Amino acid sequence: MLESLHISNYALIDRIDILFHEGFNVITGETGAGKSIILGALSLILGGRADTRVVADHSNKSVIEAVFTVDEYDELKQFCLSADIEWDDDRCILRREIAPAGRSRAFVNDSPVPLSKLQAVAMRLIDIHSQHQNQLLATPEYQLTVIDTLAGNKAKLAEYTARYNALRDAVRRLKAMRMQVERNREDEEFTRYQLEQLEELALSPGEQEELENEKEVLTNLSTIKDALQRATSVLTRADSNAVDLIDTAMDACEDLDGVLNASDEIPSRLESAKIEIADIASTLETLDEQLSADPGRLEAIDERLNSIYTLCHKHRLNNSDELIALRDTLRKKLEDLDNSDDRVAELEKEARRAKALAKETALEISESRKEEAVRFAEHLREVATPLGMKNLRVEVEVLPADMGPTGIDSVTFMVAFNKNQSLMPVGDTASGGEISRLMLSIKTIIASRMSLPSIIFDEIDTGVSGDVANRMALMMREISKSLQVTAITHLPQVAAKGNTQYRVYKEDDENSTHTRIMQLTPEQRVNAIAEMLGGATVDDAARQAAISLLNS
């Protein structure tokens, strides 16, 4: 449950600290006293949009902190642990801070978290039912959620969502394949023409680089042969060549037999050098012999390179290797096109299988909705009839619909409030007061199914009075046996039924007006309810009436 709420530097609130209690809490106060300000601050804990205009003192940040008791709340514990959110077995502390410059920060158990995680935790701890939420009753989405909640469809809906998403993926892949096949067929003739050109060229990896190197050699052939011959001459052919000079050095070393250290192996090293130089010279001679001034070869290379350059320019590529990659891509494209009918048929089969699985689960959910719709309609009529709607008739239509994210049903709450009235969608026939009573009845029905620890009703009793207000108060008190209920109200009948009552009021100091809240003592409750009954002047009759309400 909500244990305490701290608000500081928020609108007209300089600082308030509220301790809440189990059961049925009521908050009262004159119009404009600041009840909506407190509710607005609490909505920030639920992930509401932060507005810097609420920061009253721009030298400090605005802080809203709510402390919840979470003893044995295993579902929330598992969620937090799976989402890497700090967890305490006793309490969960949610905090929102708004800096004067506009930056907003969120915390769970004093650890900073993204706003989305704060919101995810808060929605499992508290529900604020405002006047805006009354209008949700008219929406098909809310009506469907009510039926699913009561039918216990959470697990089945999760299974359906997974299967529906798989169906969407299968359909998307099928559509993409069909579009690709269509595009490929439109381009098939041109693609085959491009492939024929590339295959006719019969390129091999690295060919362009090899041809360009060979052309460079042939273009500079005379210079290269001259260099080869000069190198060979110096090594082996000249009168004073390297090989002969090494022979001379080897002869000289024989005369140094007593001087040279045998371990230096100078003669053998000279012999190795002579062999290496002779081998180098042989390699150069062979290379010189292989190079011939063949004009036909150079012309063939130029023609081959021009063909490569032309296709590279045509396809805006850089070299022959990229042309080979393009050739392979075009070949694969045509192969895929030839096999496209088989691939499309395979994807169609996958889509049909995915649709069958999704529909299987959707039908199970639909059946449970139809069964629950009958039970809920009767239950809602029983609960709401005592709230001044003795002629109420309710029917929940569960009609077939196109398969979508929530299944294959559309749900509509049909109601009639008078004997001579036809059943109509609730949004087309209910007044504001009737909507409020129906919403409270629905909350009463689903309270036992909710693991939510706390709920706040913001003037859900608007538009009612007298005995109906009294019955609504009793209904909220009944809900408070399952979860903590807090009601913001202007009605004395509702305020008197609370286990604990708080009063919101304004207080002036020398410079400004502040919103305050206090928990009322039993005597203060008598005076507060007497004021609600009789206005500013509280006489004995009003006090007696207040005491009677409290004692009832």
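The values are calculated or read from the model by the stated rules, or taken from the named source; none is laboratory data. This one's a predicted model, so the numbers in the text were calculated from it and none came from an experiment. Here the Cβ positions follow ideal geometry from the backbone for every residue, glycine too, while neighbour counts run over all protein chains shown. All accessible areas refer to the heavy atoms of the entire protein, side chains included, with ligands and DNA or RNA removed. Shrake-Rupley method; radii C 1.70, N 1.55, O 1.52, S 1.80 Å.
In Å, the Kirkwood hydrodynamic radius of the chain over pairs of distinct alpha carbons?
32.5 Å
Take each of the peptides 321-327, 200-206, average the number of other beta-carbon atoms within 10 Å over its residues, and list them starting from the highest. The partial results should precede the final answer.
Values: 321-327: 17.1, 200-206: 12.0.
With the highest mean Cβ count within 10 Å placed first, the list reads 321-327, 200-206.
I'd like the carbon and sulfur percentage of the solvent accessible area for region 109-240, probe radius 1.4 Å, heavy atoms only, ligands and nucleic acids excluded.
The nonpolar share, carbon plus sulfur, comes to 53 percent.
Using a Cα-Cα cut-off of under 18 Å, which aspartates and glutamates could be cross-linked to Lys117, ignoring same-chain neighbours fewer than 8 residues away?
Correct list for Lys117: Glu65, Asp74, Glu75, Asp84, Glu86, Asp88, Glu97, Asp127.
Expressed as an acute angle from 0 to 90° and rounded to the nearest 10, what is the orientation of the C-alpha long axis of helix 221-232 relative to the principal long axis of the chain?
Tilt of helix 221-232: around 70 degrees.
Take every DSSP beta bridge with both residues inside region 398-552 and express the antiparallel ones as a percent of the total, to the nearest 5.
About 70 percent, rounded to the nearest 5.
Just check region 140-291 against the gyration tensor rule for me: Cα atoms, a ≥ b ≥ c as the square roots of the eigenvalues, rounded for a/c under 1.5, and otherwise prolate or oblate depending on whether a/b exceeds b/c. Spell out each step's value before the answer.
On the way: a/c = 9.08, a/b = 2.60, b/c = 3.49.
Because a/c hits 1.5 or more and a/b fails to exceed b/c, region 140-291 counts as oblate.
Indicate, rounded to the nearest 5 percent, the antiparallel portion of the DSSP beta bridges found entirely in the chain.
Details: 47 of 64 bridges.
Taking every DSSP beta bridge within the chain, about 75 percent pair in antiparallel fashion.
Cα gyration tensor of region 1-84, axes a ≥ b ≥ c as square roots of the eigenvalues: rounded (a/c below 1.5), prolate (a/b > b/c) or oblate? Walk me through the numbers before you get to the answer.
Working: a/c = 2.48, a/b = 1.43, b/c = 1.74.
Since a/c reaches 1.5 but b/c is at least a/b, the shape of region 1-84 is classed as oblate.
Angle check, please: helix 432-447 long axis (alpha carbons) against the longest principal axis of the chain (alpha carbons), in degrees 0 to 90, nearest 10.
Helix 432-447 sits roughly 70 degrees off the main axis of the chain.
Normalising by the residue count of the chain, find the relative contact order in percent from Cα pairs under 8 Å and 6+ residues apart.
Once normalised by length, the contact order is 22 percent.
Report, in deg cm²/dmol and to the nearest 500, the calculated mean residue ellipticity at 222 nm for the chain, where each DSSP H run with n ≥ 4 adds -39500 (n - 2.57) and the sum is divided by the residue count.
Values: 20 runs with 305 residues, N = 552.
Calculated mean residue ellipticity at 222 nm is -18000 deg cm²/dmol.
What ranking do 59-69, 542-552 get when scored by the average of other Cβ atoms within 10 Å per residue, highest first? List each step's numbers first, then the result.
Working: 59-69: 19.3, 542-552: 15.9.
Highest-to-lowest ranking by the protection proxy: 59-69, 542-552.
Using a 1.4 Å probe on the protein chains only, how many percent of the accessible area of region 29-92 belongs to carbon and sulfur? Don't skip to the end; give the middle numbers.
On the way: 1450 of 3440 Å².
Carbon and sulfur atoms account for 42 percent of the accessible area of region 29-92.
Counting only heavy atoms of protein chains, what accessible area per residue, in Å², does the chain have with a probe of 1.4 Å? Working shown, then result.
Numbers: 29790 Å² over 552 residues.
About 54 Å² of surface per residue is accessible.
Go from 0 up to the bin containing the longest alpha carbon distance in region 279-347, width 10 Å each, and give me the % of pairs per bin.
Reading upward from the zero bin: 16, 22, 20, 21, 11, 6, 3.
Report, to the nearest 10°, how far helix 540-551 tilts away from the longest principal axis of the Cα atoms in the chain, using its own Cα long axis and a range of 0 to 90°.
For 540-551 against the chain, the angle is about 60 degrees.
Could you tell me the center-to-center distance, by alpha carbons, between region 1-17 and region 424-466 in angstrom?
27 Å
Give the lysines reachable from Lys35 as a straight Cα distance under 26 Å; neighbours fewer than 8 places away on the same chain don't count.
Straight-distance partners of Lys35: Lys61, Lys443, Lys481, Lys497, Lys506.
How do the peptides 503-516, 13-26 rank, highest first, by the average count of neighbouring beta carbon atoms within 10 Å per residue?
On the way: 503-516: 13.3, 13-26: 18.4.
Highest-to-lowest ranking by the protection proxy: 13-26, 503-516.
Which of the lysines could a cross-linker bridge to Lys349, judged by Cα under 30 Å and excluding same-chain residues fewer than eight apart?
Lys154, Lys156, Lys175, Lys332, Lys333, Lys359
Mind jotting down the distance between the C-alpha centroids of region 470-501 and region 63-118, whole Å?
The two parts, judged by their Cα centres, are 28 Å apart.
Expressed as a whole percentage, what fraction of the accessible surface of region 344-456 belongs to carbon and sulfur atoms when a 1.4 Å probe is rolled over the protein heavy atoms? Working shown, then result.
Details: 2680 of 5320 Å².
Answer for region 344-456: carbon and sulfur cover 50 percent of the accessible area.
Return a whole-number percent for the relative contact order of region 412-552, with Cα pairs under 8 Å and 6 or more residues apart as the contact set. Write out the running numbers ahead of the final one.
Working: 159 pairs, mean separation 22.5, N = 141.
Relative contact order comes out at 16 percent.
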